[in-house]
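In what follows, a single structure is set out as structure tokens and then discussed.
The values are calculated or read from the model by the stated rules, or taken from the named source; none is laboratory data. Since the model is a prediction, treat every value here as computed from it, not as a measurement. So basically every Cβ, Gly included, is an ideal-geometry build from the backbone, and we count neighbours across all protein chains shown.
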Amino acid sequence: MFIEINPYNIDIRLIKQTVECLKKGGIVIFPTDTVYAIGCDLMNKKALLELARLKGNKLNKVNFAIICHDLSNLSLYSKQIDRSTFKLLKHHLPGPFTFILPANNDIPKIFDSNKKEIGIRIPDNEIILEIVRQLGNPIATTSLHNKKGNIQEYYADPYEIYQNYQDDVAMIIDGGYGKLDVSTIVDCTQVAPEIVRQGLGILEI
């Protein structure tokens, strides 16, 4: 399914349609503030397994980030963070960052692994943020990559994405022409934050 959502005039009916798709275990491709991403309902194990399969790996081997709509429920997925780390997140989010935080005890159960860290994203994109709000819990996500981990030129064009992924996912959301930039990954599990991958976001400390 291919649907168009205007990011400047969001049709809540289309958002709810997307949420229903996610709740049923559907894999969805959606816009962010960086490259288009692919994801599923974090609380649907069958969907997580399918998303991992599409990445060519087992669930306990992949490193999915989770998209939250704000920082209010962070403690449901991360261990308690110190004040300076929280201020860092609050200053940069929503934005093109993935912050790696120490995972709480629920994350290993969700991903069938011994994960001690979890990547948190709050993209500056109202379409995906509204989807997560309506869903009621985060989305497990990863950027669109080919099998070699490369981002292709067509990943910015929703129609080209549809041509390449229509048989693999339940829904593709056209939220306008995207970017070919990835998020900046910041590791906040050590004493001082460390940039693991420089992407679109510029970290200010």
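Of the residues in the range 38-53, at least one is surrounded by fewer than 17 Cβ atoms within 10 Å (Cβ to Cβ) and within 25 Å of E160 (Cβ to Cβ). Could you list, in sequence order, the residues of the range 62-86 that are in contact (Cβ under 8 Å) with a residue 24 or more places away in the chain and over 17 Å from the mean Cα position of the chain (by Cα)? Answer for the range 62-86, where residues must be in contact (Cβ under 8 Å) with a residue 24 or more places away in the chain and over 17 Å from the mean Cα position of the chain (by Cα): S75, K79, I81, T85. Exactly one residue among S143, S113 is crowded, with 19+ Cβ neighbours inside 10 Å and either modelled with pLDDT under 95 or of a type in the set (F, W, Y) (or both), and that residue is S143. Quick check: anything in the range 194-205 over 20 Å from A65 (Cα atoms), at pLDDT 90 or above and within 19 Å of the chain's Cα centre (by Cα)? Checked the range 194-205: no residue is over 20 Å from A65 (Cα atoms), at pLDDT 90 or above and within 19 Å of the chain's Cα centre (by Cα). Hey, any hits in the range 170-177 for a residue that's modelled with pLDDT of 95 or more, more than 25 Å from Y8 (Cβ to Cβ) and either assigned to a helix (DSSP H, G or I) or more than 15 Å from the chain's Cα centre (by Cα) (or both)? Scanning the range 170-177 turns up at least one residue that is modelled with pLDDT of 95 or more, more than 25 Å from Y8 (Cβ to Cβ) and either assigned to a helix (DSSP H, G or I) or more than 15 Å from the chain's Cα centre (by Cα) (or both).
The one condition from (1) modelled with pLDDT of 95 or more; (2) part of a loop (DSSP other than H, G, I, E, B); (3) surrounded by fewer than 20 Cβ atoms within 10 Å (Cβ to Cβ) that P123 does not meet is (3). When the residues of the range 87-107 are filtered to those that are loosely packed, with under 15 Cβ neighbours inside 10 Å and either aromatic (F, W, Y) or modelled with pLDDT of 95 or more (or both), the one that is farthest from the chain's Cα centre (by Cα) is K87.
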